[in-house]
Every structure is written in structure tokens, then in C-alpha cells.
Amino acid sequence: MAEPITWLVDISHWQGDIDIAQIAREGYSACVCKATEGTNYKDPTFDRNITAVIKAGMIPGAYHYLRAGDGAAQARHFYQQVRQLGGPDGWLIQFDAESDGYGTEMTAWAAEWSRLTGNHPFFIYSGSWWWPRTRGFRGADLTPLLWHSHYVDGSDYGSVLYRKVPASWWMPGYGGWPKATILQFSSSGKVAGRRIDVDAFRGTVTQLRALTRTPTPAPAQPATPTPPPKPMPQILRELPVLRRGASGAGVRVLQALLRVRGQHLALDGQFGTATETAVQAVQRGAGLAVDGVAGASVYAVLLLGTNPT
């Protein structure tokens, strides 16, 4: 059975007034919009674009274009713009490393972002065509989530272009990342009548949404003095139950979430002894039954920081 693919796009002011509702109708599940660059630039289309993405029902996302200078100040600038539009919880977050911001700026940005957001997951976007400029910097020490770029030739619909992508492109060969989480495979995908960046995530929409730290819905006001038990968020019930011996994209997502919570794991997609031990550590710390099985209660701790029981 073929591994599921979830399709994404990323946009900025360069796409002008692109029809975001049409992007959703064409089967794209997420749209990441440029928000900021450096310490004071804001993309003039960000507010409009992100509002339209949310209205269209896609997973929203925002990215910052990293420049030389104060990395922490750049993270604060980005965070302020994202917060004004309702993020970052429920959003995919990325910083774009392809200009003159290198290891020093990356490290400062990541530390400040984690401080501001309580370790909201974030991607680093880059490519092997640029990364050697960092002189061997290990981006994987900052985040397990790589948004890798490697383009096929030509212009066509995203699902057609993706047929040209060899499996080896998912193994970036730089920055300490064994595998990419998202692959930008063309800047010329035919989407909503334009030619734009198209991206792929090897997994389901639910698995992609797990990387957004989706917030817990506010509990309804009880109708009686004794409220019913608070229901577990639907997304947690939809995530796969994983145990020793499992493999694939779901395990890679679990390993990424465990790494965000301080567990040292390879993102190899194999649920072996190391992954089981990391799950047990989370269960033990949250007061859960320690069986090494990643189910809804473990996901609740990893994504929401709470024990739903």
C-alpha cells in the first residue's frame, strides 16, 4: 500500500492576490504564508493570506525569512505578527534559511522562539544548494523538522510533478537530519492559475496537523452542578496507536514530538527499543500507565502538555 501524501503550498506577496479558496478546492491541505523578514519587515499580504487560509479550512502556517543580525529579535518580530492573527498554536511554523543568516542567527532564533512559545514545533527550510555556507552547522540540534527543497524540472500540477521525485530526495545529507519531514519539490507547480511552490508531506492530514500543537478546545459550560468528564480532543482519537514493531510516517511524527519534549531519538520511522523507552519516560513523568504504547494519552502529553485522564 502506497504511503499517503499530503499536499501543501507556500506563498508570499510575490503571488499577489492568488485565490486561496481555489488552492483548497484543488486538494491542498495546508498553506504556509510569509510573515516577516529580518527584524522589521512584514509581508504586506500576510494578514489577508492567513485569514483566507483559515477561512478555506486549510492548515495555516507562517514563515520567517532569516537574515543576518539579531536572531532573537527576529524571532520576537515574527512571534508578534503571528500572535496578532491567532497563532502559533494550530499553525505550521517555519524559518527560511537561504540568505545571510547562518548558525548564530539560527541558534538565537530557535532559543527565543522556544522561550516565547513554550517549545512550539518549528521547521527549518533550506536545501543542499545553500547549507554548505553554514560550514557544517547541525540544524537537527535545533529542531528535528526539516523542510527540504529540491526541485524537479518543468511546470505541471503538483501531483504530476511529484512523480519525478526519487526517494533519495527525502534524505537531505546535510544539517544532521536523516530525513526531511516536508519536501518542496517545485517552484513551478500549477495551482489556482499560477506557478507557485508546491510541497509534500509523507503522511496524513492528521499527522501533519499533529506538528502544529493544535490547542485544546475550550470546555463547554456545564448545564448541571456536576459537569460530565471533559472529552478528549478529536484529533487525539484520530492519531494512530503505535507500539514496538511499528514503522512508517506515523512513527517519525511520534519521534519528532518526543524529541521536542527532550528525548534523544533518531527520526528513522522504526518503533524500536529507543522509541519505546522514550514513550515510557513520558508516561512515567505524566503519571500514566507505563506500557510503552503511544496512544491518545501520550499524544495529549506531547502535544498539549496535559494528562487528559
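The values are calculated or read from the model by the stated rules, or taken from the named source; none is laboratory data. Just so you know, these numbers come straight off a predicted model, no measurement behind them. Reconstructed Cβ throughout: ideal geometry from the backbone, glycine too, with neighbour counts over all protein chains shown. Each accessible area value is taken on the protein alone, full model and side chains, heavy atoms only, with ligands, DNA and RNA left out. Shrake-Rupley method; radii C 1.70, N 1.55, O 1.52, S 1.80 Å.
Residues in the range 129-205 average 45 Å² of solvent-accessible surface per residue, probe 1.4 Å, ligands and nucleic acids excluded.
Report in % the part of the accessible area of the range 50-201 that belongs to carbon and sulfur, leaving out ligands and nucleic acids; probe 1.4 Å.
Numbers: 2780 of 5920 Å².
With neighbouring chains kept in place, the figure for the range 50-201 is 47 percent.
Would you mind giving the average projected area, over all directions, of the Cα convex hull of the range 29-135 in nm² with one decimal? Walk me through the numbers before you get to the answer.
Working: hull surface 25.9 nm².
The directionally averaged projection comes out at 6.5 nm².
Axis of helix 71-84 versus longest Cα principal axis of the chain: the two differ by about 70°, to the nearest ten degrees.
A 1.4 Å probe run over the range 1-91, with the rest of the protein chains in place, finds 43 Å² accessible per residue. What is the helix-to-structure angle for 273-286, meaning the angle in degrees between its Cα long axis and the longest Cα principal axis of the chain, kept from 0 to 90 and rounded to the nearest 10? Here the helix axis deviates by roughly 60 degrees.
What fraction of the DSSP beta bridges in the chain is antiparallel, stated in percent and rounded to the nearest 5?
Approximately 40 percent, going by the DSSP bridge assignments.
Of the trypsin sites (Lys or Arg not before Pro) found in the range 56-136, the ones in coil according to DSSP and having at most 15 other Cβ atoms within 10 Å of their Cβ are Arg135.
Helix 46-55 against the longest principal axis of the chain: what's the angle in degrees, Cα atoms only, rounded to the nearest 10? It works out to around 50 degrees.
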